[in-house]
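Shown next, in structure tokens, is the structure this report addresses.
The values are calculated or read from the model by the stated rules, or taken from the named source; none is laboratory data. Only a predicted model underlies this, so the values are computations on that prediction, with no experimental measurement involved. Here Cβ is always computed from backbone atoms with ideal geometry, including for glycine, and neighbour counts include all displayed protein chains. Quick note on the areas: whole protein, heavy atoms, side chains included, nothing else; ligands and nucleic acids left out. Shrake-Rupley method; radii C 1.70, N 1.55, O 1.52, S 1.80 Å.
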Amino acid sequence: MLALNNIEVVYDGVILVLRGVSLTAEEGRITTLLGANGAGKTTTLKAISGLLHAERGEVTKGSVELDGVRLDRLQPHEVVKRGIVQVFEGRRTFENLTVEENLVAGAHTRHDLGEIRAGIERTYATFPVLKERRQHIAGYLSGGEQQMLVIGRALMSNPKVILLDEPSLGLAPMIVEEIFGVVRRLKEEQKLTVLLVEQNAALALAIADHGYVMENGRIVLEGPAEALRQNSDIKEFYLGLNESGTRKSYRDTKHYRRRKRWLS
Amino acid sequence: MGGFDWGFTFVLVVNGVMVGLMYALIALGFVLICKATDVINFAQGEFVMFAAFIAAGVAGAGLNFWVAALVSIIGMVALGFGLERVVLRPLIGRGIIAVVMATIGLAAVLRGVAVLIFGPDTRAITMPVGDMPINLGIVSVPPAQLAGAVVSIIFLAVFSWFFLKSRVGVAMRAVADSQQVAMAMGINVRRYFALAWAMAGVVSAIGGVVWGAMLGVDNQIALVGLKVFPVVILGGLDSIVGAIVGGLIIGVVENLAAGYFDPVVGGGTKDFAPYLVMLIVLMIRPEGMFGRRRIERV
Ligand SMILES: Nc1ncnc2c1ncn2[C@@H]1O[C@H](COP(=O)(O)OP(=O)(O)O)[C@@H](O)[C@H]1O
Ligand SMILES: [Mg+2]
């Protein structure tokens, strides 16, 4: 189980972005973290993967733990070795490398060449289109292929936990369906733990087991995906409109605290 | 011209190729660092010079050539590691100008320190290959030059293989592509920076020994660093293949200029011809023949 205990994150020593975030991602489950642009979702993932250090960000309070072992002081490569891998938003392939070289790079923390070979074949079985493109330069793949590649590449490290940052962004619905189908299968067949960040709540809640909603660096709502799907605030908020047709946020709704109590 | 002298041209081209292989090897050191760490190393020529001094110093103390070459390689790897740690690492994130100035400063310091340690006299490195010119059909070449060319080819091949095929090479290119993504994949980026500098040290050592054996060792050797820029601009700052092709072309251009234009104008074209090529390349294809273009997608 991956657990964030009341973490605070500060950039550049002064910019407070996460203000006490607690969440857990259960083993073999898909947990989704929802929220609007700028809420702090990506920062949350970087706090887990250790990538904050490289951006002059720091976890100043609280802790990040995987199965009770603290991660928040580790370098990114050490976090990957412990079985957590982050997939960035925006389909960040190694664009000058071929598809297969991308996969090889993804297996950097592993040493058994036979296992790496097998991992590559497994990735090709999961995403057959990547096999066809194996010698192509990643930068020239289509958006959907690139998303498959970055997920496949992350899986090459043989992770226990995968952190997915907005994988649906900018992709055609059919492609998104295929990719989410794969994510669900990985969870079911390999007991992979998934922390899925999305702005598209409907999509995410359709495959998630549990969900959190983040706003302004805080968790404002959490519950089983089923309950969140029924939640009128979520419906309203993610449609972006309330009854009078104006945008609103949880912070503006009087009954949000009541709702929250009811959900938790 | 009525009777074009093919034989003469052939000699110039062969000589150009042999010198060009050396340029390629030395440029490779530059490219390794540029590609993996985004640092433009203006001290590449001084690296070569320093390596040559180490080898000449060890050989001058009576040890044999192979020991001298080995000590030079080890010394340059240590220097590469050390400089990365002490000078460049603290400059990460400080902007390109700071880093460029640091390497220019480094170049001056290395030139000065080399003279302090080894003295101003020209020293010799003698390769164990004798000095009977070797006949290659139309041309005959000094054995040291031929040995230099062979060594260059071997090392260029090994480094190319390493970069393009080995797992460590793939990781190094991944770091070059995106440091952030490389980190996210569990690649220890710092360690690859150090590795790039160490490898540049190895290449410089080989270059220094071979170049020193051909020209004699004093701090003029550092001038070979000036050839690196036309080579890498022509080939592409971050391309291994580019360094090789660029080196060969610049070597040949230089020799053709020396053979055909210098006698007419009284000399000097050899030195600026490579830069003329560089300027033309910058105007028509600034990323070089094999340099990476930003991949534009719609
Ligand atoms: N490297 C950084 N330095 C300073 N502020 C940052 C940095 N990265 C993100 N932020 C700020 O933190 C907030 C949350 O950003 P982010 O975690 O990217 O949100 P989300 O992924 O939910 O869109 C934003 O206000 C953003 O401007
Ligand atoms: Mg984000």
*So how do B:Trp6, B:Trp211, B:Trp161 rank on accessible area, 1.4 Å probe, biggest first, that is with the largest at the start?*
B:Trp6, B:Trp161, B:Trp211
*Which angle from 0 to 90°, rounded to the nearest 10, does the C-alpha axis of helix A:173-190 make with the longest principal axis of chain A?*
80
*For A:Gly57, enumerate residues with amide H under 5 Å from its amide H, sequence gap 5+ or separate chain, H modeled in the peptide plane.*
A:Asp12
*asked:* Among the complete DSSP H segments of chain B, which ones combine at least 27 Å of alpha-carbon extent along their axis with a mean Kyte-Doolittle hydropathy of -0.5 or more?
replied: B:6-37, B:96-118, B:143-165, B:189-215
*Leaving out ligands and nucleic acids, note down the accessible area per residue over the protein assembly as shown with a 1.4 angstrom probe, in whole Å².*
44
*What FRET efficiency do you get for A:Glu26 and B:Ile154 if R0 is 60 Å and r is their Cβ-Cβ distance, rounded to the nearest 0.05?*
0.60
*asked:* Given a 1.4 Å probe, show me the residues in the stretch B:165-180 buried by at least 30 Å² of accessible surface when comparing the whole protein assembly to the chain alone.
replied: B:Arg167, B:Val170, B:Arg173, B:Ala174, B:Asp177, B:Gln180
*asked:* Strictly over 21 Å apart at the Cα level, which of A:Lys160/A:Lys187; B:Lys227/B:Lys270; A:Lys46/A:Lys81; A:Lys131/A:Lys191; B:Lys35/B:Lys227; A:Lys81/A:Lys191 would you flag in this model?
replied: A:Lys131/A:Lys191
*asked:* Rounded to the nearest 10 Å², what accessible area does B:Met278 have for a 1.4 Å probe in the complete protein model?
replied: 30
*With a 1.4 Å probe, how much accessible area is buried between chains B and A, both sides summed, in Å² to the nearest hundred?*
2500
*Ignoring everything but the protein chains, give the 1.4 Å probe accessible area of A:Glu115 in square angstrom, nearest 10.*
90
*Please give the solvent-accessible surface of B:Arg167 in Å², to the nearest 10, using a probe radius of 1.4 Å with every protein chain present.*
70
*Counting only protein heavy atoms, what percent of the accessible surface of the protein assembly as shown is carbon or sulfur at a 1.4 Å probe?*
60
*Which percent, nearest 5, of DSSP beta bridges in the protein assembly as shown are antiparallel?*
60
*Specify the angular offset, from 0 to 90 degrees and rounded to the nearest 10, of the alpha carbon long axis of helix A:143-155 from the longest principal axis of the alpha carbons in chain A.*
80
_Between helix A:113-126 and chain A: long-axis angle, C-alpha atoms, 0 to 90°, nearest 10_ = 60
*Setting aside same-chain residues fewer than 8 positions from A:Lys61, which aspartates and glutamates have a Cα under 13 Å from its Cα?*
A:Glu8, A:Asp72
*Note down the relative contact order for the stretch B:208-269 as a percent, whole number, built from C-alpha pairs under 8 angstrom at least six residues apart.*
17
*What list of ³J(HN,Hα) values in whole Hz, one per residue of the stretch B:120-127 in order, does the Karplus curve 6.51 cos²θ - 1.76 cosθ + 1.60 (θ = phi - 60°) give from phi, with Gly and Pro shown as x?*
x, 6, 7, 10, 10, 10, 10, 6
